[in-house]
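Below is one structure, written out as structure tokens, with a few remarks after it.
Readers should treat all values here as calculations from the given coordinates under stated rules, not as data from a laboratory. Only a predicted model underlies this, so the values are computations on that prediction, with no experimental measurement involved. Because the Cβ atoms are built from the backbone with ideal geometry, glycine has one as well, and the counts that use them run over all protein chains shown.
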Amino acid sequence: MKRDPVVIIIVAMVVSLMLVLGINLSRHAPAEKAGSQSQGRPAPDFALQSLDGKTVHLSDFRGKAVLLNFWATWCEPCKIEMPWFVEFQKQYAPEGLQIVGVAMDDSAEKDIADFATKMGVNYPVLIGKEEVGTAYGGLPFLPTTFYIDRDGKVVDKVFGLKGRGEIEDLVKKIVNEGRVARK
Amino acid sequence: MPTYFTRTTVVLALLCSELLAQDSPGKKAPSVTMAPAAVATVVRGKATAVELQFRVASGFHINSNTPSEEYLIPTDLKLDPPTDIVVGKITYPPGEQVSFAFAPDEKLSVYSGDFTLSVSVRPLASVLPSKYEFRGTLKYQACDNTACYPPKRLPIEFEVKVVKSPKPPAKNPAQSPHAHN
């Protein structure tokens with residue numbers, strides 16, 4: 001039986017493609033799953049101390065769209081996002097956005113406060129605790145940002161540094177979603 | 001045609017390997033490992049440099065011992081030497097000055113790939129000749145191009161062999177070839 005070379009090539013291509021897709025999917029499955037597990041679920045509430053000594057609960061912000069950013073002073077990519085967050089806080093606060101930073105540092109509070117002041121941070125910065133990190137999936141690396149709607153549900157979870165545009169799109173998403181629902 | 005088929009298969013295989021090599025940042029754990037160190041021989045009463053070799057996993061970097069910003073966590077070796085063996089200066093290599101995509105205008109002082117630390121070790125004259133084990137930790141904090149990982153401590157172990165100082169050559173003018181001029 002004579003084999004058609006074109007058929008052989010097409011079969012080889014399809015098999016290769018399936019192999020690549022299969023391996024990639026299995027590799028990425030745990031992380032994607034971890035992200036999707038929290039989506040649509042209530043964001044775990046917490047009680048953390050702010051840099052000005054107040055106890056702040058996530059539930060204090062119910063009714064607002066919350067960008068919850070876990071960061072640390074030793075995290076250079078986190079530092080890149082901060083000026084964007086400062087801008088978004090100014091721009092979208094009238095529409096109901098509240099940015100909240102949680103510093104997962106071992107550094108002294110004063111060092112965290114100095115850093116936040118140097119970065120011109122205009123939103124609350126809370127001193128993180130390990131159990132809060134655990135409640136949010138363990139936070140194996142920073143920055144990790146949760147986008148939470150006005151009802152306190154996680155809309156999205158982003159690992160690592162993303163582009164300014166991508167972050168702004170997610171901000172608009174949480175701001176607009178709740179607003180439409182409440183009209 | 002088999003040649004064409006083989007060529008196509010090779011191209012597809014290369015494409016597959018390229019696709020498989022692409023992994024989202026932050027989905028692989030960073031690691032720093034220490035190469036097994038050969039037992040260094042050190043002479044009692046003398047300072048000897050012992051070299052320790054480390055490797056930062058591909059795709060990651062760690063801050064050097066002298067990071068470019070004060071709030072960054074330096075790579076730091078702490079050793080717990082055996083009694084009567086003094087650890088002197090630890091020499092760190094200068095960091096590579098690297099700009100990353102997340103901060104193209106900023107240069108960070110980092111180690112990536114392989115780097116070597118040199119530890120000055122001096123056994124006191126009272127130390128008995130033998131092998132001695134050093135333990136310690138290398139503290140480091142790793143990042144990739146988009147994310148940073150909490151500081152870690154890598155356990156360190158290496159051995160040194162302490163030997164007596166060699167006897168000075170005996171001076172006997174009578175045996176010197178120049179003594180009978």
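Counting lysine pairs in segment B:28-163 whose alpha carbons fall under 22 angstrom apart, excluding pairs fewer than 8 residues apart on the same chain, gives 17.
Size descriptors for segment B:28-163: radius of gyration and Dmax over Cα atoms are 16.7, 55 Å.
With +1 on the Cβ of every Lys and Arg and -1 on the Cβ of every Asp and Glu, and nothing else charged, how large is the dipole of segment A:39-182 about its Cα centre, in debye rounded to the nearest 20?
Details: 18 positive and 21 negative charges, 105 e Å.
Once rounded to the nearest 20, the dipole reads 500 debye.
Shielding value for B:65-76 is 3, the average number of Cβ atoms from other chains within 10 Å of each residue's Cβ.
Once you average over the residues of B:93-101, how many Cβ atoms of partner chains fall within 10 Å of each Cβ?
Details: counts 0, 0, 0, 0, 0, 0, 0, 4, 3.
What the average comes to for B:93-101 is 1.
In terms of packing, defined here as the mean over residues of other Cβ atoms within 10 angstrom, the peptides A:49-62, B:138-151, B:102-115 line up highest first as B:138-151, B:102-115, A:49-62. For segment A:36-58 versus segment A:132-176, the inter-centroid distance based on Cα atoms is 12 Å. The mean count of C-beta atoms from other chains within 10 Å of the C-beta of residues in B:135-148, rounded to a whole number, is 4. Placing unit charges on the Cβ atoms of the charged side chains and taking the dipole of segment A:38-183 about its Cα centre, the candidate lying farthest along the positive direction among A:Gly137, A:Val125, A:Gln39 is A:Gln39. Each Cα pair under 8 Å and six or more residues apart adds its sequence gap; the mean of these over the residue count of segment A:39-182 is a relative contact order of 33 percent. Compute the signed sum of charges (Lys and Arg +1, Asp and Glu -1) over the other residues within less than 11 Å, Cβ to Cβ, of A:Val125. Net of charged neighbours comes to -3.
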